[in-house]
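Heads up: the structure comes next, in structure tokens.
The values are calculated or read from the model by the stated rules, or taken from the named source; none is laboratory data. These numbers come from a predicted model, not from an experiment. Ideal geometry is used to build each Cβ from the backbone, glycine not excepted, and the neighbour counts take in all protein chains shown.
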């Protein structure tokens, strides 16, 4: 079904638009989601999501989550270096917690679906748990991309 405000295409009826959050009823079903064309609904939905959200939605992070990841990883990496790896179990626990926080925040604040939010949460959780400054490679560009994506959505 298609949102009458922003044009987002969803595979099922919903009270709220997954893209803009407007409380609406989806009015029409786009022809590229029609089951009679032989396209599986999941493939058509992911295609519509990628087309609507674009690169920024697919690879972006909420800027607050990107900053939180940098701060937490800097503290953990410093502790791991100072204790020569004795804080590794703490890093693993904090990485798992950061993954859950990322999952929930991406769905609520950034508008990701469950699958995209879970993938981003797992990536940040694993990178944070590794005793190396790796999350900056992922979170800084994704945070900048998320900031640009958010600005573009506000201007619409």
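Things worth noting here:
- Residue within the range 73-82 that is touching a residue at least 40 places away in the same chain (Cβ under 8 Å), closer than 24 Å to residue 56 by Cα and in a helix (DSSP H, G or I) present: yes
- Residues that are without any contact (Cβ under 8 Å) to a residue 40 or more places away in the chain and under 12 Å from residue 129 (Cα atoms), drawn from the range 88-112: 89, 90, 92, 93, 94, 95, 96, 97, 98, 99
- Restricting attention to the range 77-91, the residues being at pLDDT 90 or above and buried (at least 17 other Cβ atoms within 10 Å of the Cβ) number 1.
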